[in-house]
Protein chains: 2
Amino acid sequence: MGSNLDQLREALGEVSDLQEAFRVLAWDQETFLPAGGFEGRGVVLSTLGRRAHDLFVSDRVTRLLEATEGEVSSLDPGSDEASLVRVTRRDQERDRRIPSELVGEMATASSAAAPVWREARAKSDFAMFAPHLARNVELSLRRAEAIGYESRPFDALLYTEPGMTTSQLEVIFAGLKESIVPLVKKIAGKADAVDAGCLHGDFPEAPQLGFVNTVIERLGFSFEQGRMDISAHPFMIGMNPGDVRLTNRVSRGLVTMAIFGGIHESGHGIYGQGISPALARTPLWDGASNGVHESQSRLYENLIGRSRPFWKHWFGELRALFPEQLAKVDAEDFYRAVNRVEPSLIRVEADEVTYNLHILLRFEIENDLLEGRLKVEDVPEAWNAKMVEYLGVKPPNDAEGALQDIHWSFAGELAGFPAYSLGNLMSAQLLAAIRNDLPELDGQVEAGEFGPLLGWLHERVHQHGRKFTPAELLLRVTGQELDASYWVAYAERKFGDIYGLN
Amino acid sequence: MGSNLDQLREALGEVSDLQEAFRVLAWDQETFLPAGGFEGRGVVLSTLGRRAHDLFVSDRVTRLLEATEGEVSSLDPGSDEASLVRVTRRDQERDRRIPSELVGEMATASSAAAPVWREARAKSDFAMFAPHLARNVELSLRRAEAIGYESRPFDALLYTEPGMTTSQLEVIFAGLKESIVPLVKKIAGKADAVDAGCLHGDFPEAPQLGFVNTVIERLGFSFEQGRMDISAHPFMIGMNPGDVRLTNRVSRGLVTMAIFGGIHESGHGIYGQGISPALARTPLWDGASNGVHESQSRLYENLIGRSRPFWKHWFGELRALFPEQLAKVDAEDFYRAVNRVEPSLIRVEADEVTYNLHILLRFEIENDLLEGRLKVEDVPEAWNAKMVEYLGVKPPNDAEGALQDIHWSFAGELAGFPAYSLGNLMSAQLLAAIRNDLPELDGQVEAGEFGPLLGWLHERVHQHGRKFTPAELLLRVTGQELDASYWVAYAERKFGDIYGLN
């Protein structure tokens, strides 16, 4: 039978196998599933989700966790073994509170919602999607009740960011708003300083996709251990250390969509491929949190991918693919263009400065839905009002408003958006630590040498998987707790330079 | 809780969900899985296979089967309910004899063998694949022992063709050999009567694939409820009634590879899409047997797809895509070319007349392996000797010999090949019945009207899924047991006409 720890690993391995099957089917649903397959797919995902849940919360796993706790108590808390028992226990105590019926209902509801969201967005018909959002709110509340919370359901759903609370987020967002809104105003006064016209034109899709795949492979994403496909909304999903999948989308009219979408997802993918294979088939084989995951995607997308040295390196290759379209711009023009700040409608296309305001809006709407201050049918109105208030723009339709994100079709999983802002903040804090250790970073990026950065991230962040909480990881890596001032300083310096504000 | 039958359906539904997940992952493995993912995939398939097996043979299912047997005893044996209980009981009694460890080992071994087979075939290195074939023989024998047999392990593995035995197959093949060998000889004497040169040339892949997809959609395959991808070896795999997937392969140098590969798989796919949705998520949602499945693919591929009226209809469209390549041939020339008979090396490219001899060879080699008369390392020699004896051709390498089929990488599943010959025989017997009911069939095919044929097959064959054994189905549909003389008469008439033998 092996030791208790071996038995625990084997039991957790089976849970992981069922979850991996779930992920392959979820990926398939977004990429290749024929229209007729959606209905049946939901049932299968529901069964897999329930079975994985039931096995994870089984008495056998509970007993093995208790038995191994003593076995690992003398080990370094940072060891794989001690971390496995500690983190698994935390997860399992939470999941034992969630009835398996609810897990199945969430999977079924998500699977039913996805195609409706797609159609509703295409038709810009919020009413069509509303029942699925209502069901999502209901299931999220039931999940929050099951997990337990003091006063705010959002707190329970935030378990994906261990240590973070709704009121802490409110403080963070208030601070960000205070620095972003004046910055956006100052930039608006110099809007003409940056011309992004060169990004629009006629850019055939195939060379765009070829370019971005070349870029992300150089950044460190392995196509031997992963793939890249097309989907409505780009995403990363990791099956196992040898199979980490990305999707992207491409616009013939806008050259940046595929480039930054692909780099963003590659940041997630590089993280997934960098987790120690020793953690595979355990609950530790994943990012430390969605926020930490997002810190990697945003670091690659924005802090590296929208940096001046990055485009000094890559612009020549891009222009060689589109010599006529990019005839009149140089690397510096392109760098400035991809950093144009302009309040806009779509989160995933938002510039770095205004992006966090898109998250704030969703954070507020979700809390209002969960706490009964807002009805589902009034979401578009609330959305549009907040867009006007925070960004000064009003969606002409719901496709460009409340229907733009796939996230609300993930039933029972509200509270996911703040991770994006947490990721932004962490990415700047991490970059400061990286610059300490790699003072030649800019020169390396300009020379197309992405290995030192990759090695740093693998060593300090990626390999650990879920062994540490976001707060523990940040403290280990940067010596500090989360500090939003790094991101504010980064944004003020970068955009102050681009827009000549200082 | 619902009735016992409802509970049985729910339990079988969960088994079916796990099996469906298995099939999606198996499809993914052959189409899109990155190289790094193969190792991990095997583990997941093993867990899914074992869990589905354990659930199916559980005491709960056994108890529910016993409880429902009384409930359905007064129903028509052909009803969905009575068939469900009868067929499930037969399956379950067999599967209860197979240890779940063996099921897991088969999945792991198959997953490990698939990439090695691919590489070994590419390198034509039989020794590289030999350990996986040896493991397959070992697991097939263990499976046969578990299922039980009187004297021939092949009998136990033949459970996929209920009612068929190894010695019956020996009689059938002896009879076929007796009619085929003289026919091949007569044809060889008039080899020049058919020129297949027009099939070889430079045919860009994309229009070929577009053409075959147009054809199979017209035959009745729905792309709303299925897909078509590319893989090393074409196959069909059905997930559920709304998601039936095909793969194909394409040769730029040979225009027939994709066309007949696609039509063949579409025959399987049309069958899968035609099974009554009421049978979904039960053991009845599948073809009656592999042989019956093959009767559908071979009927569409050969009896329809290589018929004169078929090419009278389609040749114009094909020539419009390749006007230069096909400039010098007409529909009749093309019809004759696609029916050229010539002993050759590759089963899936073999003509209708010699095809069954390829199966005979595999049937004999597998029996020799299972009964200890042949060692794995001696398979290539045995293969090549039989090729010379039956077909008069000798493979120049193992890629074109013993390594050509993916089947031997399906560990524990030897005995699969005879289904192809049984399918050939049944297809001719079915066609005779179809012609009785649809005397205008040739005219309809020539007019591109495939609906009457599709309707007949849906009504008589497809919708029933696994409710009836192959023998029961054949008796219901044709009024007779399996009779090889239909195929012999078909082949002698068709090729007698083409080669002017009579």
**Cβ neighbours within 10 Å from other chains - mean over A:277-288** = 1
**region B:71-76 - phi-based ³J(HN,Hα) in whole Hz, Karplus 6.51/-1.76/1.60, Gly and Pro as x** = 4, 9, 5, 8, 7, 3
**Message:** Give me the inter-chain shielding for B:48-55: mean count of other chain Cβ atoms within 10 Å, whole number please.
**Reply:** 2
**Prompt:** Expressed as a whole percent, how much of the Cα-Cα distance distribution for region B:320-453 exceeds 25 Å?
**Reply:** 45 percent
**Message:** Just to confirm a number: summing +1 for Lys and Arg and -1 for Asp and Glu over residues other than A:Ala331 whose beta-carbon lies under 15 angstrom from that of A:Ala331, what do you get?
**Reply:** -1
**Request:** Could you tell me which residue in chain A puts its beta carbon nearest the axis mapping A onto B, with the distance rounded to whole Å?
**Result:** A:Ala21, 2
**Message:** Within a 10 angstrom radius of the beta carbon, how do A:Ser427, A:Ser58, A:Ser140, A:Ser74 rank from fewest other beta carbons to most?
**Reply:** A:Ser74, A:Ser58, A:Ser140, A:Ser427
**Message:** Suppose a student asked you for the relative contact order of region B:166-499, using Cα pairs under 8 Å spaced at least 6 residues apart; what percent would you report?
**Reply:** 23 percent
**Request:** Would you tell me the mean number of C-beta atoms belonging to other protein chains that fall within 10 Å of each C-beta in A:17-29, as a whole number?
**Result:** 5
**Item:** In order through region A:441-451: 3J(HN,Hα) via Karplus (6.51 cos²θ - 1.76 cosθ + 1.60), integer Hz, x for Gly, Pro
**Value:** 3, 4, x, 5, 4, 4, 8, x, 9, 9, x
**Prompt:** Dividing the Cα radius of gyration by the Kirkwood radius, what Rg/Rh value follows for the protein assembly as shown?
**Reply:** 1.00
**Complete:** Within chain B, the percent of DSSP beta bridges that are antiparallel, given to the nearest 5, stands at 50 percent
**Item:** Kirkwood Rh and Cα Rg combined as Rg over Rh, evaluated for chain B
**Value:** 0.95
**Message:** Using a label point 7 Å beyond Cα on the Cα-Cβ vector, give me the inter-copy distances for B:Thr62 in nanometres, one decimal, shortest first.
**Reply:** 2.8
**Item:** Whole-Å semi-axes of the ellipsoid equivalent to region A:4-96 (Cα gyration tensor, √5λ, descending)
**Value:** 33, 13, 9
**Request:** Mind listing the label-point distances from B:Lys394 to the same position on all other copies, shortest first, one decimal in nm, points 7 Å along Cα→Cβ?
**Result:** 8.6
**Asked** Using modelled backbone amide H atoms (1.01 Å from N, in-plane), which distant-in-sequence or interchain residues come within less than 5 Å of A:Asp229's amide H?
**Response** A:Leu246, A:Thr247, A:Asn248
**Prompt:** Excluding same-chain residues fewer than 8 positions from B:Lys328, which lysines have a Cα within less than 30 Å of its Cα?
**Reply:** B:Lys185, B:Lys186, B:Lys190, B:Lys312, B:Lys494
**Message:** Students often check this: by mean Cβ neighbours within 10 Å, which of B:189-196, A:368-375, A:414-421 ranks highest, and how do the rest follow?
**Reply:** A:414-421, A:368-375, B:189-196
**Item:** Karplus 3J(HN,Hα) series, Hz, for region B:263-271 with 6.51 cos²θ - 1.76 cosθ + 1.60 (x for Gly, Pro)
**Value:** 5, 4, 5, 5, x, 5, x, 4, 4
**Asked** Rounded to the nearest 500, what is chain A's calculated 222 nm mean residue ellipticity when only DSSP H runs of at least 4 contribute -39500 (n - 2.57) each, over all residues?
**Response** -19500 deg cm²/dmol
**Asked** Can you list, shortest first in nanometers, how far A:Glu101 lies from the same residue in the other copies, with each label 7 Å from Cα toward Cβ?
**Response** 3.9
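Each value in this text was obtained by applying a stated rule to the coordinates, not by laboratory testing. Quantities reported herein were computed from a predicted structural model and do not represent experimental measurements. Here Cβ is always computed from backbone atoms with ideal geometry, including for glycine, and neighbour counts include all displayed protein chains.
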